[in-house]
1. For segment 27-59, which positions are more than 19 Å from the chain's Cα centre (by Cα), outside any loop (DSSP other than H, G, I, E, B) and in contact (Cβ under 8 Å) with a residue 12 or more places away in the chain?
2. Please verify whether segment 117-133 includes one or more residues that are surrounded by fewer than 16 Cβ atoms within 10 Å (Cβ to Cβ), over 28 Å from ARG102 (Cβ atoms), in contact with a Ser or Thr (Cβ under 7 Å, 6 or more places away or on another chain) and of a type outside the set (A, V, I, L, M, F, W, C).
3. Would you pick out the residues in segment 153-175 that are of a type in the set (Gly, Ala, Ser) and buried (at least 18 other Cβ atoms within 10 Å of the Cβ)?
4. In segment 98-153, how many are assigned to a loop (DSSP other than H, G, I, E, B), touching a residue at least 40 places away in the same chain (Cβ under 8 Å) and more than 26 Å from SER54 (Cα to Cα)?
5. Give me the residue from segment 176-188 that is of a type in the set (A, V, I, L, M, F, W, C) and either touching a strand residue (DSSP E or B) at 6+ places or on another chain (Cβ under 7 Å) or in a helix (DSSP H, G or I) (or both) and, out of that set, surrounded by the most Cβ atoms within 10 Å (Cβ to Cβ).
6. Residues of segment 189-212 being crowded, with 18+ Cβ neighbours inside 10 Å and either in contact with a Pro (Cβ under 7 Å, 6 or more places away or on another chain) or aromatic (Phe, Trp, Tyr) (or both), which ones?
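The values are calculated or read from the model by the stated rules, or taken from the named source; none is laboratory data. This is a predicted model, so every value here is computed, not measured. Neighbour counts run over all protein chains shown; Cβ positions are idealised from the backbone, glycine included.
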Amino acid sequence: MHLLRLAQISRRDWTLLTGLLDAGARQRAARFRFEADRHASIAAHGLLRLALASRLGGNPAELRLSHQPGKKPFLIEKPALVSERRSDSAVPAIDFSLSHARSCVGCIVAEGISVGIDIEPTRDPPSQAEGLLSPEEIAWLRTRPTRSAATEFTTLWCRKEALLKSLGSREPINMSSFSAIPGQAIALPAGSGFSTQGLTVTSHLTDDGIHIATAAIRRPEI
């Protein structure tokens, strides 16, 4: 896992990160209405390229990434990127995920397992939280102190988002159909194709109220 605080990025590093992005990533960043969101998108995608190149070798600016709407991004591999690392030019089963908030961005890269990451600032529960949380999660929230409702809700939401990213489902999944309560067993959404064996979901709250959750799960046997 790699994290980057936007406040710590120098002007020189901004130029470096922007130069790593392909035309598609720059266009997606430009669509954000607010400058802070545009910067976060650039930083997250630049960080991901650096992380992938560190694992695979090669120039991070030359990596080809697929970003199809509604689908989990994936790496379109070039054999030259792994030729020095693996003599048979075999392509490692790389999986990755990225997320960004206005103050912090992050990515996670792994081989042989599916992974997800989500980064969220602490936010108040929406008025229709029942449609986003499972009955078990709603009951759990009601046992928590009222003063920590925003923190507890964001923890749940962040964990659920990281888990969904790790599954990489192409079909919409009802957020209320599964639970990701800290310290409790997780029941995956029906039809996910994954087993809970080897499933790990972790979450962390920074001192300035940023939630970071990661999920890792063994890929189904083919």
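1. Once the filter is applied, which keeps residues that are more than 19 Å from the chain's Cα centre (by Cα), outside any loop (DSSP other than H, G, I, E, B) and in contact (Cβ under 8 Å) with a residue 12 or more places away in the chain, segment 27-59 yields only LEU56.
2. The answer is no; no qualifying residue exists.
3. Hits for segment 153-175 are ALA162, SER166, GLY168.
4. Of the residues in that region, 4 qualify.
5. Out of the qualifying residues, it is ALA180.
6. Within segment 189-212, PHE194, SER203, ILE210 meet the criteria.
Listed here are the residues, each with its yes/no results for (1) among the charged types (D, E, K, R); (2) assigned by TED's automatic domain parsing to the domain that holds HIS100; (3) under 22 Å from ALA44 (Cα atoms); (4) over 18 Å from the mean Cα position of the chain (by Cα).
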{"position": "PRO121", "(1), (2), (3), (4)": "no, no, yes, no"}
{"position": "SER127", "(1), (2), (3), (4)": "no, no, no, yes"}
{"position": "ALA149", "(1), (2), (3), (4)": "no, no, no, yes"}
{"position": "PRO172", "(1), (2), (3), (4)": "no, no, no, no"}
{"position": "SER176", "(1), (2), (3), (4)": "no, no, no, yes"}
{"position": "GLN184", "(1), (2), (3), (4)": "no, no, no, yes"}
{"position": "SER195", "(1), (2), (3), (4)": "no, no, no, yes"}
{"position": "LEU199", "(1), (2), (3), (4)": "no, no, no, no"}
{"position": "ASP207", "(1), (2), (3), (4)": "yes, no, yes, yes"}
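For every residue, the table says whether it meets (1) surrounded by 15 or more Cβ atoms within 10 Å (Cβ to Cβ); (2) out of contact with any Phe, Trp or Tyr (no Cβ under 9 Å at 6 or more places or on another chain).
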residue: LEU20; (1), (2): yes, yes
residue: GLN27; (1), (2): no, yes
residue: ALA44; (1), (2): yes, yes
residue: LEU48; (1), (2): yes, no
residue: SER54; (1), (2): no, yes
